[in-house]
Each structure stands twice: as C-alpha cells, then as structure tokens.
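Below is one structure, written out as structure tokens, with a few remarks after it.
The values are calculated or read from the model by the stated rules, or taken from the named source; none is laboratory data. Only a predicted model underlies this, so the values are computations on that prediction, with no experimental measurement involved. Cβ: placed from backbone, ideal geometry, glycine included. Neighbour counts: every protein chain shown. Surface accessibility is based on the protein's heavy atoms, side chains included, excluding ligands, DNA and RNA. Shrake-Rupley method; radii C 1.70, N 1.55, O 1.52, S 1.80 Å.
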Amino acid sequence: MIKWKNRSEFWITGAKLADPESRKIRAGSIHINNGRIEEVVWKKSIETDLEIFDAEGYLVAPGFIDIHTHLRDPGFEDKEIIATGTAAAAAGGYTSIACMANTNPAIDEPSVVRYILDKNREAGETRLYVIAAVTKGLDGKEINEFHLLKEAGAIALSDDGNFITNSKVMRSALEYAGLLGLPIISHCEDPDLAGDGLMNEGYYSTKLGFSGIPAVSEEIAVARDIALAKLTGSRLHIAHVSTAGSVELIREAKKKGIPVTAEVTPHHLTMDDSLLQEYDRNLKVNPPLRSLEDIKALKKALKNGTVDCIATDHAPHTEIDKQVEFNFAPPGMIGLQTAFSHLYTELVLSGELELIDLVRMMTSAPAKTLGIPGGTLETGVQADLVVIDLDAEWIFNGKVNRSKSFNTPLADRSFNGHVQGTFLAGKWKQMV
Ligand code: DOR
C-alpha cells in the first residue's frame, strides 16, 4: 500500500519509467505541477525541497487508454454503470477509456452523449470519451447527425456489435464522418455467413457439434470496408481483429496507403477455440475465439505494426444473462482490470513481447489511433500515469473485481504485475 496525500506540486522518483515514444524503460523522475508533467529527468533521484512520491521498485508509465469499452449506461445498468466500469478501468491502470454506442437508447442523439459525459463528471474514475452510433438505433439504415454528435463531444462513430451491411449506408457514413475528421470503427462480420454460429468454425466446432462462425465472415467485411475507405479516403478503424486473413487484408491496405487502423483484444491474443470444450459461457465472445494459427498471426501483426493497438472490448453481462444454455448466452467478457497483467504474464514474461511494446500498445498507440490526448510523458501533458509492481502476484477474484459484472474466464487466475494505482491529472488513486 502506497501512502500518499495529494498535493499540487511534487516529484515521483526512484521509478523505472516507461516512455512509449522513445521505446525505452530507464530510471527517471517526474516533476508534476498543477496536474501536468512539468519535467522528466532521466535520473533515479533528484535534489528537491518538494514532496517526493517514492516509486522505488515500481514501473511508472503513462496511464493506459482503452478505445473499446462497453459501459452499458444508459439502459443496461444491471450489467455496468459508469462508476463501476471506470473503477474497473482505473484498477487495471487505465486513465482514459472510450465507450461504445450499443446502449439503450443507443448513443445516437447529442443528449445521450451529454448524459454520459455528465455522469462521468459526477462518478467517473477515469477520463471518458464517447463513441457515438453511426446509424439511428444501430439499425444500419439511417445515419445520424454526426456534426451534432461531434459538437456534443463524440470523438468517433461505431455501431459496434452490429456490422453495417448496407454498403451505401457505410459509404455515406464514411464520407460524412471524413468531412468532420471522425473515424468510423467497424465491427466486421457478415451476419448471413456468421448466422447463428456460436464459436469459430473449424475442428472444435465440428467436435462439439456447435454451429460455426467462419473466419471469412469477418474477412469479407474487412475487405468491403477497406474498399470503401479507399474510395472515400476517410478514416476507418477495424475493431477486434481476430483472423489471419483480416491481418493480411489490413497489411495490404496499409501498404497502399489506405487510411485504416486496427485493434486486437487481450482475449484474441491469448485464448483459442479449443478452450470452448469447457463450455464456459464467458468464453463466448464476438468475434469468437479463433485458432492457434490466427493467434500466431495476430501476435505477429502486433509486433510488425499491422495491428495498431490493444483494446479490451470490455463487455459486461450479468450472471443471469450468462447462466443459460450456450446458444442463449450473450457474447462478451470483461477485461479492463486484467488486460495489462494478463498480457504481461502471458506475452511479456514468456519472452514473446517486449514490455515497452505492451505499454506502447496500451498508451500512445491507442491515443494516436483515435486521435485523443494522452499516452506520453511529454512536458506539459496531463499527469495521467500508472504505477505498477511488476514483481507482485495477485489473483483476480470476485473480491477484487470492480466491475458490476464478473463474466470472465480469468476468475481466480493468478497474474504477475499488479497495478498499484494511477495518477489522474496528478491526483493519486490507490488501487489495492
Ligand atoms: O463479445 C462482444 N460483446 N462483442 C461485441 O462486439 C459486442 C459486445 C457486447 O456489447 O456485449
């Protein structure tokens, strides 16, 4: 437990600082004044009359940024509310998150954007950015008044959860959003091909007798949206990429200079479809967990820059929602509180990913992807930071869970690397 009384000017010393921009982790100290980073010096200690936050033995990095969270408010407050979703985020080391539009009502009116931002001002534990819906009620037919949504504070547009099947609607949406400089985040899935599939189509769906969702149902949608991004020149972001074929399409599109970016979730990087043999409803996600070959391609894409960043797709559902027959369970798992530790344990400690690259993929990379502030240690930026004990082991159980829901296949799992707390505009939030 770190003891600290908030004050407006102080130094953080003794830490190992992770600087995503220079891709370096080295000893350093940070001078914080009035909620902003005043100076970073690459020395473990400094002489000062100011108070010192002693971060000896900890890793200090820019606060994490999640660009794909489902906060469920308004409409599904039994699953999550803004206070609990942002608390789970803060406990996972996030200082900024962006919430998706599939609420009820959907975020398709400026009043809903304002309602969410107001709620976060009252009860939020992180900064919150709003992603508004592309179409009215997420119906895929009629596009919303993007300029009014932008005026109200929306920073991107998405019908996440649904693919916009009508190509003319998607084309118009990209044209209109492009004029306003708003990216469109696409949930790529051909619904006819995906049908009533419950898991990835392949060996394990055959073995279990489950109807499958083929990889091409995603790839067809990715290919169409890339073609429309090329046609319109507008910014397209592909949500939760899950297949090797999608990676290939995105790689080719980037080579041609088409303005496309992509994210991958912690679960698609670490869990394959063989796990469905446990029949755990918390492993039912959309897109589904794919094959080991897909995972290999996703990891490679993360390292070579084809995939731009990591995003959680934190999708809370209640126990009652999930404790039904597999085909009736809604897709989704929570992920904000475990994302860093999960990937640190599985990818960094195994030697597959450098720690600084994991930090970069959760800080400066998502910020750049959606064009939101944060994710760096530059002078003058808001002092949003995370303090992590890399040596600590911890168990993610119901007692420490901060989300309102606990739909996770990682329940009672032990992880390395524990977030101790965050600074939000220089204000300390202790997590343990
Ligand atoms: O698994 C998922 N759950 N994928 C999505 O795209 C939507 C999300 C949800 O809203 O529950």
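If ligands, DNA and RNA are left out, what is the accessible area of Val60 with a 1.4 Å probe, given in Å² to the nearest 10? Result for Val60: roughly 0 Å² accessible. Computed with a 1.4 Å probe on the full set of protein chains, the accessible area for His267 sits at about 10 Å². The convex hull around the C-alpha trace of the chain, projected and averaged over every direction, spans 18.9 square nanometres. Taken over the C-alpha atoms, segment 100-256 has Rg and Dmax values of 16.8, 51 angstrom.
Compared with the dominant principal axis of the Cα atoms in the chain, helix 82-91 is inclined by about 60°. What's the center-to-center distance, using Cα atoms, between segment 146-190 and segment 1-56 in Å? Cα centroid to Cα centroid, the span is 40 Å. Helix-only mean residue ellipticity at 222 nm, the chain, DSSP H runs n ≥ 4 weighted -39,500 (n - 2.57), per residue, nearest 500. What is it? Here the helix-only value at 222 nm equals -8000 deg cm²/dmol. Ranked by the mean number of other Cβ atoms within 10 Å of their residues, highest first, the peptides 233-240, 32-39 fall in the order 233-240, 32-39. In terms of the mean number of neighbouring beta-carbon atoms within 10 Å, the peptides 113-124, 241-252 order highest first as 241-252, 113-124. Of Ser8, Ser172, the order by accessible heavy-atom surface (1.4 Å probe, DNA, RNA and ligands excluded), from most exposed downward, is Ser8, Ser172. Ligands, DNA and RNA left out, the 1.4 Å accessible surface of the chain is 49% carbon and sulfur atoms. Asn327 label point, 7 Å along Cα→Cβ, cut-off 18 Å on backbone N: hits in segment 186-213? Answer for segment 186-213: 192-202, 205-213. Our coupling estimate for segment 244-257, obtained by passing each phi through the Karplus curve with A = 6.51, B = -1.76, C = 1.60 and θ = phi - 60°, is 4, x, 5, 4, 4, 5, 5, 4, 5, 5, 5, 4, 7, x Hz, Gly and Pro reported as x.
Protection proxy ranking of 345-352, 14-21, by the mean of other Cβ atoms within 10 Å over each peptide's residues and highest first, is 14-21, 345-352.
Computed with a 1.4 Å probe over protein heavy atoms only, the accessible surface of the chain comes to 39 Å² per residue. Remark on segment 42-123: Rg and Dmax equal 17.7, 55 Å (Cα only).
Report, to the nearest 10°, how far helix 167-180 tilts away from the longest principal axis of the Cα atoms in the chain, using its own Cα long axis and a range of 0 to 90°. That works out to roughly 30 degrees.
Using a probe of 1.4 Å on the protein chains alone, the accessible area found for Phe163 is around 30 Å². Against the longest alpha carbon principal axis of the chain, how many degrees, from 0 to 90 and to the nearest 10, is the axis of helix 292-304 turned? Its long axis makes an angle of about 50 degrees. Amide H contacts of Ala383: Arg36, Ile37, Ala425, Gly426, each under 5 Å away and 5 or more positions distant or on a separate chain (H built 1.01 Å from N in the peptide plane; Pro and chain starts excluded).
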